[in-house]
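Below: one structure, written as structure tokens.
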Amino acid sequence: MIDTALNAAIEAGHEILKIYNDPKADFSVEKKADHSPLTIADKASHLVIVSHLEKTGIPILSEEGKTTDYSERKKWETFWLIDPLDGTKEFIKKNGEFTVNIAFIKKGKPVMGVIYVPVSGTLYFGSAKHGAWKLQQTPKTITLEQVLAQGKKLPAPMNSNVYKVVGSRSHMSEETITYIKELKSVHSNLEIVSKGSSLKICMVAEGSAHQYPRFGPTMEWDTAAGHAIANAAGKKLWLTDMSGELQYNKENLLNPYFIVK
């Protein structure tokens, strides 16, 4: 099942790259109901991932798929939660900071996650059983065994004396700015790093940033895969009052604000 998710993410990433690298490609942007952008690459990635995951017989909830009513979803003990192209704004800007996200949810918790970065060919994987891993120059097909043999275990030790806080490249809210100002009173050597998509969570999971505060809207599919990888690396996606972590398969799929650390 993990191999299926790994290869679904990689193949979807290659499908996105065909559009991203084609000078004649249609970068037309539609507006979804929440006014966020939707490209043909989102749709192409969704179709690839679903073609892989539907073979498992496990329900799929995708940002680009037909939304299943909560009366049906609440019966799901396990399901796939996917964001076929996380960071559509970064895709449109052509800065490379977008990802393919696939998570496996069990009883409201993300227990396995795959994040693939199409432009760099970097793969992040995490599960409660296997820990968190990062693999660069990922081949077109891969197995879990290869990830564990060739990947780098996360988190890596942080050698810097600078306290690094990662923030959104496209969504820095006033609440986030206020929170960072408060952190500066504790960490005089604080540095803010801007990143797009779920790469912000990956930075904390891999040890290249100390925390990622998110005082802005996100949906469950934006965070689930990164959440599983962060947990596998010993990190948490805390609610801002630190009372617990984000939960999944809620009636309203909008996440509360959170802090990754």
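Kindly indicate which of I49, I82 is under 17 Å from the mean Cα position of the chain (by Cα), of a type in the set (V, I, T) and not in a helix (DSSP H, G or I).
Working: I49 fails: not in a helix (DSSP H, G or I).
Step by step, each of I49, I82 is checked, and only I82 is under 17 Å from the mean Cα position of the chain (by Cα), of a type in the set (V, I, T) and not in a helix (DSSP H, G or I).
Hey, does region 102-109 have a residue that's in a strand (DSSP E or B) and either surrounded by fewer than 23 Cβ atoms within 10 Å (Cβ to Cβ) or over 15 Å from the mean Cα position of the chain (by Cα) (or both)? Outline the logic, then answer.
Let us first name the residues in region 102-109 that are in a strand (DSSP E or B), namely 102-106, 109.
Retained after the next criterion (residues that are either surrounded by fewer than 23 Cβ atoms within 10 Å (Cβ to Cβ) or over 15 Å from the mean Cα position of the chain (by Cα) (or both)): 106, 109.
Looking for residues that are in a strand (DSSP E or B) and either surrounded by fewer than 23 Cβ atoms within 10 Å (Cβ to Cβ) or over 15 Å from the mean Cα position of the chain (by Cα) (or both), one finds at least one in region 102-109, hence yes.
Within region 212-235, count every residue that is of a type in the set (V, I, T) and assigned to a helix (DSSP H, G or I). Give the steps one after another, and end with the answer.
Start the filter on region 212-235 by keeping residues that are of a type in the set (V, I, T), which leaves 218, 223, 229.
So of that shortlist, the ones also assigned to a helix (DSSP H, G or I) come out as 223, 229.
Residues in region 212-235 being of a type in the set (V, I, T) and assigned to a helix (DSSP H, G or I): 2 in total.
Taking region 52-66 only, how many residues are touching a residue at least 40 places away in the same chain (Cβ under 8 Å) and either under 24 Å from F98 (Cβ atoms) or among the small types (G, A, S) (or both)?
5
Please name all residue pairs, on different chains or six or more residues apart, with Cβ atoms under 6 Å, provided the first residue is in region 88-117 and is touching a residue at least 12 places away in the same chain (Cβ under 8 Å) and in the same structural domain as I60 (by TED's automatic domain parsing) and the second residue is part of a strand (DSSP E or B) and of a type in the set (D, E).
The qualifying pairs are T99/D86; N101/D83; N101/D86.
Conditions: (1) at positive phi; (2) surrounded by 18 or more Cβ atoms within 10 Å (Cβ to Cβ); (3) not small (G, A, S). Y257 meets all but one. Number of the miss?
With (1) at positive phi; (2) surrounded by 18 or more Cβ atoms within 10 Å (Cβ to Cβ); (3) not small (G, A, S) applied to Y257, the lone miss is (1).
Among the residues of region 209-246, write down those that are of a type in the set (S, T, N, Q) and either closer than 22 Å to K89 by Cα or out of contact with any helix residue (DSSP H, G or I) (no Cβ under 9 Å at 6 or more places or on another chain) (or both).
T218, T223, S243
Residue check: is G244 touching a residue at least 40 places away in the same chain (Cβ under 8 Å), more than 19 Å from V100 (Cα to Cα) and not assigned by TED's automatic domain parsing to the domain that holds A8?
For G244, the condition - touching a residue at least 40 places away in the same chain (Cβ under 8 Å), more than 19 Å from V100 (Cα to Cα) and not assigned by TED's automatic domain parsing to the domain that holds A8 - is not met.
Going through region 64-87 one residue at a time, which ones are closer than 22 Å to S194 by Cα and either among the β-branched types (V, I, T) or not assigned by TED's automatic domain parsing to the domain that holds D22 (or both)?
none
Checking the structure you have, find out if any residue of region 236-254 is touching a strand residue (DSSP E or B) at 6+ places or on another chain (Cβ under 8 Å), β-branched (V, I, T), part of a loop (DSSP other than H, G, I, E, B) and modelled with pLDDT of 95 or more.
Yes: one or more hits.
Report whether or not Y212 is closer than 26 Å to Y70 by Cβ, not small (G, A, S) and not assigned by TED's automatic domain parsing to the domain that holds P110.
Details: closer than 26 Å to Y70 by Cβ: no; not small (G, A, S): yes; not assigned by TED's automatic domain parsing to the domain that holds P110: yes.
No: the conditions fail for Y212.
For every residue, the table says whether it meets (1) among the aliphatic types (A, V, I, L, M); (2) surrounded by 16 or more Cβ atoms within 10 Å (Cβ to Cβ); (3) modelled with pLDDT of 90 or more; (4) in a loop (DSSP other than H, G, I, E, B).
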| residue | (1), (2), (3), (4) |
| --- | --- |
| A132 | yes, yes, yes, no |
| T138 | no, yes, yes, yes |
| M158 | yes, no, no, yes |
| V165 | yes, yes, yes, no |
| E182 | no, no, yes, no |
| V193 | yes, no, yes, no |
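The values are calculated or read from the model by the stated rules, or taken from the named source; none is laboratory data. Since the structure is predicted, the reported quantities are computational estimates derived from the model, not experimental observations. FYI the Cβ positions are ideal-geometry reconstructions off the backbone, even for glycines, and counts take in every protein chain you see.
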